[in-house]
Ligand code: ADP
Ligand code: MG
């Protein structure tokens, strides 16, 4: 047996990203420095929960000290604050790994975000990015961590002034805690208020009062510890005993968010399976909502023991929901992998997802204003469910809200839309694009507007995917206004308006000429049903891909061959009639054919086919006009 000797201290450099981050923390100007307490308490609580989980399969880890606890000790004379837990602890290698590098991809995203963030917002971002520990350097000019992994007979220390390097060292067991981690902060001069017990108590109670581990406070190193939080799991209390404020505090500390929950759901499922759900929908978007790796963050507990936050309790399109499920029926001593396959988990997943959607339905009718705000924030994510979750498609279509041509900027449901169908209208019309305002003025909508037909304006990326997935609502298919024939002739015009005349012979032969001139660049040129004011527009051929989807796929490098568009010409347009008139100059007509095509592309937000040739033609035609 070896007696533990103090090995020589070893100085190492932080990873480049960590250094940058630390620089930010050390020179932090964030107004709200209190968050460091929340972050360190949250790490201590996580450590206790990890130990509780590991001890399920290895009871000896707990030893004689089975009661988890976080102790905060103040030392006003030395201007120090210590946070100690009797959780899982870290080995020397884990210390270097956890506090010298950044495991998650969070840093880069955090740095990008914080660079553009306002001062007050900065500190609120910290918890969301998995970089919480480093916030200690907002208030401390030196941080020492002493840790001993549960079940190990070695302890190690880590210390740093946050300026590029840290020192790591094996330490004598005699000076280390029996288990867990002690974080000692040498507070900066202007942070001495964190040695005042009333300040610290108030801050911890409001930020971390509901962590599931009791918190003790000592106002001097040798003072008696006073319990300031009982570690009772909030979700096990009856709803009637919990205040809105308590829910909010819990949400903030559990989710690392700083907003108000837009929706709080707390209930107990009884019957075949018993479990408690406490879930929140945030008010604001988490930064990584559209990160492809972003998974849900609902935590799974079994009889108050934290098991995992990777159980995918909710479908991906509800990944913005925060909270937890505490099951009574899952076996405690089962591995995380086996839990994934458990039919009990499957029942929980189904139950919680359905309940959340039905709460959303209730909110949609009960408090429209709040619902629309929530839809505005998370609608683009929920819509992913329209092609990912066939079984709940109908419910999701019912929840969906849209901006349309007929709604003057208000959100409309499909139920509203269908109630306003025109005689003989058999489809739900939509236009996809990237910008609502531009969509609303696209030429392809003119004929629809003339007939008072409402068109959904779909400007989220996800729209191009679900809307082309063969979906329908109450038997009505979705039809793009930029694809195929508009076929509006069956739908009557408003009283007093007459349908435009069909193309004259002259116009028909001009259209044939344009087609010949453009050749391979288009798949067809034809007289348009859908234009009333503009001269031309582009649409996709009937069985081709939606033009917006094509652009998205091309942009992502996932399109082999784009289909050729159809150029539609408004036979009633003044310009078209003049160009068609017998005797029009052949050269002008040829220039016009190309210019009309380019005009249609520009209206769709694209470049002319050949910008140089376009410029030359335009000059030629303008010069003629002045001659
Ligand atoms: P996060 O908690 O989001 O992972 P942090 O920066 O707060 O990010 O902490 C980094 C890592 O350091 C944690 O994931 C954990 O592995 C380790 N750690 C921090 N504090 C403790 C502690 N008190 N006990 C055990 N491990 C800790
Ligand atoms: Mg943390």
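Throughout, read-outs are computed from the coordinates displayed, never taken from laboratory work. Predicted, not measured: the structure shown is a model, and the values here were computed from it. Counting neighbours? That spans all protein chains shown, and the Cβs are built from the backbone with ideal geometry, glycine included.
Please find the FRET efficiency linking residue 612 to residue 589, where r is the Cβ-Cβ separation and R0 is fixed at 22 Å, and quote it to the nearest 0.05.
Efficiency, from the Cβ-Cβ distance: 0.60.
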* Asked: Label points 7 Å out from Cα along the Cβ direction at residue 101 and residue 394: separation in nm?
  -> 5.1
* What residues of region 323-349 lie in the reach of a label at residue 305, counting those whose backbone N is under 18 Å from a point 7 Å from the Cα along Cα→Cβ? -> 325-342, 344-345
* What's the exposure ranking of 287, 14, going from fewest to most Cβ atoms within 10 Å? -> 287, 14
* Quick one: if the Förster radius is 25 Å, what FRET efficiency do residue 174 and residue 67 give, using the C-beta to C-beta distance and rounding to 0.05? -> 0.60
* Structure fact -> Sorted largest first, the C-alpha extents of region 335-395 along its principal axes in whole angstrom are 43, 23, 20
* Asked: Can you put 215, 204 in order, fewest other beta carbons within 10 Å first?
  -> 204, 215
* Cα-based Rg of region 410-551 per 2.2 N^0.38 Å, rounded to two decimals? -> 1.09
* Sticking to Cα atoms, compute the Rg of region 322-462 to one decimal and its Dmax as the biggest Cα-Cα distance, whole number, in Å. => 19.6, 67
* **Calculated [θ] (222 nm, deg cm²/dmol) that DSSP helices of n ≥ 4 give over the chain, each run adding -39,500 (n - 2.57)** => -10500 deg cm²/dmol
* Convex hull over the alpha-carbon atoms of region 539-627: what's its volume per residue in Å³? -> 123
* Structure fact -> By Cβ neighbour count within 10 Å, fewest first, 411, 375 rank 411, 375
* Asked: Assuming R0 = 35 Å, what is the FRET efficiency of residue 376 and residue 190, from their Cβ-Cβ distance, to the nearest 0.05?
  -> 0.30
* Structure fact -> In nm, the gap between the two label points placed 7 Å beyond Cα toward Cβ at residue 60 and residue 562 is 6.8
* Can you give me the relative contact order of region 234-370 as a percent, contacts being Cα pairs under 8 Å and 6 or more apart? -> 20
* Nearest 10 degrees, 0 to 90: helix 106-115 Cα axis against the chain principal axis -> 70
* Measuring from the lowest to the highest alpha carbon on each principal axis, how far does the chain reach, largest first, in angstroms? -> 106, 58, 44
* Asked: With a Cα-only, solvent-free Debye model of region 212-364, what are the log10 I(q)/I(0) values at q = 0.08, 0.10, 0.19, 0.21 Å⁻¹?
  -> -0.26, -0.39, -1.25, -1.46
* To do: For the chain, find the longest principal axis of its Cα atoms and tell me its angle to the long axis of helix 35-57, 0 to 90°, nearest 10.
  => 80
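Please work out how much length the chain gains when fully extended from residue 270 to residue 362, using 0.36 nm per residue of separation minus the C-alpha to C-alpha distance, in nm with one decimal. Mind showing how you got there, number by number?
Values: separation 92, 0.36 × 92 = 33.12 nm, distance 2.11 nm.
That pair, residue 270 and residue 362, stretches by 31.0 nm at full extension.
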* To do: Could you state the angle between the C-alpha long axis of helix 16-26 and the longest principal axis of the C-alpha atoms of the chain, as a value from 0 to 90 degrees rounded to the nearest 10?
  => 70
* **Estimated inter-spin distance, residue 577 and residue 23, nm [label 7 Å along Cα→Cβ]** => 6.9
